[in-house]
Amino acid sequence: MDNVDMFQPQGKKRRLQDHNTENINVAAVNNKSMSLQRSRLPQLSLRRIQMPAAVASTNPAGAVKKAGCSTVPPSSSRGRLTQSTPGKAKKTRVAAVAKDAAPSTAAQGVPQSVKYAPSAAVAKRRPAWDVKGKLEDTQKLLSECAGKLQVAELQRKRLQESADVLGIGLSHAASRVKELEDKLRTAECQLQSRESELGQLRHDNTALQTVLPLREAQISSLTTEVKELSATLEDTKSTLVYTQQQLDQKAACADEQQKLIGSLEEQLQHMEQALTNTEQERRRLHNDVQELKGNIRVICRVRPLLDGERHNDMMHIQFLPSDEKVITLTKEQESHTGNNQKEVVKHNFSFDHVLQPVAKQEKVFEDISQLVQSALDGYNVCIFAYGQTGSGKTYTMEGPDELTCDAKGMIPRAVDQIFVTARRLETMGWMYKFTASFLEIYNETIRDLLVTKSQKAVVYEIKQRGNQSRPEQLYVTNLKYVTVGTVEEVNKLIATAKSNRSVAKTAINHKSSRSHSVFQLQIDGSNTAKGLTCRSTLCLVDLAGSERLDKSCSTGERLREAQAINTSLSWLGLVIQSLSNKEAHIPYRNSKLTLLLQNSLGGNSKTLMFVNVSPLEEDFHESLNTLRFASQVNECNIGTAQMNRKRVL
């Protein structure tokens, strides 16, 4: 071949080189398109599907070699192509190869619609210089491999569909097996229960077989007894005739008794009417007695010494054994005559009742129980405690934290009496409805003590029902009013309010109340038979204690609290003084406390004030100021309270 190429003309050699180069470029493009086509085909998973034997055993390199093509890279064969002479490609045996490949394809279940390209391995060997023919054979071989790959992909899809169908059937079978297992377990449980019941029935049967002879003996004895009763029945029938005769006589007596009962019922109605009249008379006399005592009454209470105060004495406080209405404070001071002798200055005060330190809570409540009764009769009643911090106001009104029967304060005792008396009055036709509320005035701001977490956006304002000339009742907007029916419900509200009240530690008191607390119980009564209704309010107030700032050492928030407390108590004193002086204008609106107590101090109400006094000599000046303020209250005259009762037509 080399010798032949040497003798060819130079132009003919150039044309051969250009023709071979063009063939090589076309083959490269075809190979690139085939590679792109194969890259787009889905890749098979070797674990799931295996290619058919005919496809898997086909070696493209071997097929090319059998076809007579060289595996030499294009770069090395290019030089040889330029030296080879062009020739016509020999015809391939495509038909023979297609005829041989058809049986194997049908045997493997390949669809008849898929046509395989003739195998290049059985093609006639091409000359070494026929590179174009070899490339065509290679392309045909690659097309054949692509067809086999498509067949394998179709088989993989069919196997995947079969696997999906089998998976669905397997899941249904598993659920069915689980359902059958559950039914089997249920059946086994039922079988065990039936076996246990059968054993129990067998045991009961054995017991009944044992009892059967006894029952037969009893039946025999009962048969004998029936015969005896039959004989007795005959005797009873004869007795019945005699009894019927007596019954007729008794019926005649019953008619006479019925007439007597009618007359007694008439007497009972007259007695009930007399009882109602007596109850009304009792209420009138009770109100007269309360008015004689004064619509504003003051009770002084001196608290006992605490455990840490036993070293102190109470020589500066004196009580008169013969008069329980007088208390005297004594103080030694230098004489004004100029000598070095000291003189004793006495300050005498007289109130409705003076309670010594030994007085128990029950004794204290005896003095206010009549006022609590007036609340049920239709009168507004207000009871409040006044005094310096640490003088026992909260203990008097609410009692200790751990309530006992003896240590209960005035609020729980008043509630007990209200409900007990209301149940007694139900026998006279009175029905009552009670509504409770609990608030505090802290730094001239009203807080609802029955709300655990107060809402800052809520504004509480004191309003009046009725007109200015005749205010009927004060109420607070947005305040929580709770309808109560038992003492236990009220006690829960009191406990909630006590836990929410503002308290703090000061130099005078380790648990000082920093606000005025107000408990109100609205009472609505009705007597349908008499056509009467009544409405009243029982107001129980625990005022915050007054304190001297230099003694309490209050700073910061405690200082602002003390200033607000002292200011409100000062306005309370000015209101009392204005009422005593019969002034035309009473400054109720200068403080939230005086505005809330407006009807209690100068309106239609019966008022009682507890003035609490500390027994310590170091609190002499505070006790003296407290008693002086209480004397002003005791001298105040607010007029006669009116009953809030009307007749319903």
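The values are calculated or read from the model by the stated rules, or taken from the named source; none is laboratory data. Predicted, not measured: the structure shown is a model, and the values here were computed from it. Backbone-built Cβ (ideal geometry, glycine too); neighbour counts: all protein chains shown. Note: areas computed on protein heavy atoms with side chains; ligands, DNA, RNA excluded. Shrake-Rupley method; radii C 1.70, N 1.55, O 1.52, S 1.80 Å.
Structure notes:
- Evaluated at q = 0.10, 0.11 Å⁻¹: base-10 log I(q)/I(0), Debye formula over Cα of region 118-251: -0.80, -0.84
- Summarised in one figure, the compactness ratio Rg/Rh of region 356-483, Cα atoms and Kirkwood Rh, is 0.99.
- For Arg297, the residues 5 or more places off, or on other chains, whose built amide H falls under 5 Å of its own are Thr607, Leu608, Met609.
- Filtered trypsin sites (Lys or Arg not before Pro), region 139-168: DSSP coil and at most 12 other beta carbons within 10 Å: none
- Relative packing of peptides 530-543, 206-219 - highest average C-beta neighbours within 10 Å first: 530-543, 206-219
- Average accessible surface area per residue within region 121-227, 1.4 Å rolling probe, Å²: 73
- Estimated FRET transfer efficiency (Thr186, Gln249; beta-carbon r; R0 56 Å; 0.05): 0.15
- Of Lys393/Lys463; Lys227/Lys250; Lys492/Lys530; Lys408/Lys492; Lys433/Lys606; Lys363/Lys582, those spanning more than 23 Å from alpha-carbon to alpha-carbon: Lys393/Lys463; Lys227/Lys250; Lys492/Lys530; Lys363/Lys582
- Per principal axis, descending, Cα span of region 387-440 in whole Å: 45, 26, 19
- Model label sites at Gln370 and Val420, defined 7 Å from Cα along the beta-carbon direction, differ in position by 1.8 nm.
- Region 408-457 and region 370-394: distance between their alpha carbon centers, rounded to Å: 13
- Förster radius 60 Å - calculated FRET efficiency between Lys360 and Glu225 (Cβ-Cβ, nearest 0.05): 0.30
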